[in-house]
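The values are calculated or read from the model by the stated rules, or taken from the named source; none is laboratory data. Please read these numbers as outputs of a predicted model, since none were measured by experiment. For neighbour counting, all protein chains shown are included, and Cβ atoms are generated from backbone atoms with ideal geometry for every residue, glycine included. All accessible areas refer to the heavy atoms of the entire protein, side chains included, with ligands and DNA or RNA removed. Shrake-Rupley method; radii C 1.70, N 1.55, O 1.52, S 1.80 Å.
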Amino acid sequence: MKFLIVFVALFALALAAPPQSDVQIVRQDSDVQPDSYKFSVETSDGTSKNEEGLLKNAGTEQEAISVKGSFSFVADDGQTYLVNYVADENGFQPEGAHLPVAPVA
């Protein structure tokens with residue numbers, strides 16, 4: 001009897017689980033150089049990401065990578081959200097219509 005109860009409970013869990021979707025890469029490009037890179041990827045679920053990085057001040061104490069990019073995705077509410085960003089010596093700086101904006105001091 002215990003086996004039957006456990007079996008029925010596991011069967012109910014399996015039926016209640018959300019369906020798994022197979023997300024596929026539909027486009028992918030990249031270009032990697034000694035002092036820079038670019039890449040982009042797009043998947044079948046509407047997600048995309050583009051990024052490019054550049055080595056600044058190579059060989060100096062201030063050597064750093066400066067990155068610019070964006071990504072977008074379709075959320076559970078059906079809306080597509082876009083985030084543009086810069087990541088450099090000043091940190092990660094995202095921008096998007098759905099993101100809160102820090103108050104100006």
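Values computed for the structure shown
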item: Looking only at region 33-79, and only at residues there that are over 22 Å from F92 (Cα atoms) and assigned to a strand (DSSP E or B), the one that is least open to solvent (accessible area, probe 1.4 Å); result: T43
item: Every residue from region 82-93 that is modelled with pLDDT of 95 or more and not aliphatic (A, V, I, L, M); result: N84, Y85
item: Pair list, Cβ under 8 Å, 6 or more apart: region 35-55 residue without any contact (Cβ under 8 Å) to a residue 12 or more places away in the chain and farther than 24 Å from Q24 by Cβ, other residue open to solvent by less than 50 Å² (accessible area, probe 1.4 Å) and in a strand (DSSP E or B); result: none
item: Tally of residues being of a type in the set (A, V, I, L, M, F, W, C) and exposed (fewer than 10 other Cβ atoms within 10 Å of the Cβ) across region 80-105; result: 6
item: Qualifying residue in region 18-26 (condition: of a type in the set (S, T, Y), in contact (Cβ under 8 Å) with a residue 24 or more places away in the chain and open to solvent by 80 Å² or more (accessible area, probe 1.4 Å)); result: yes
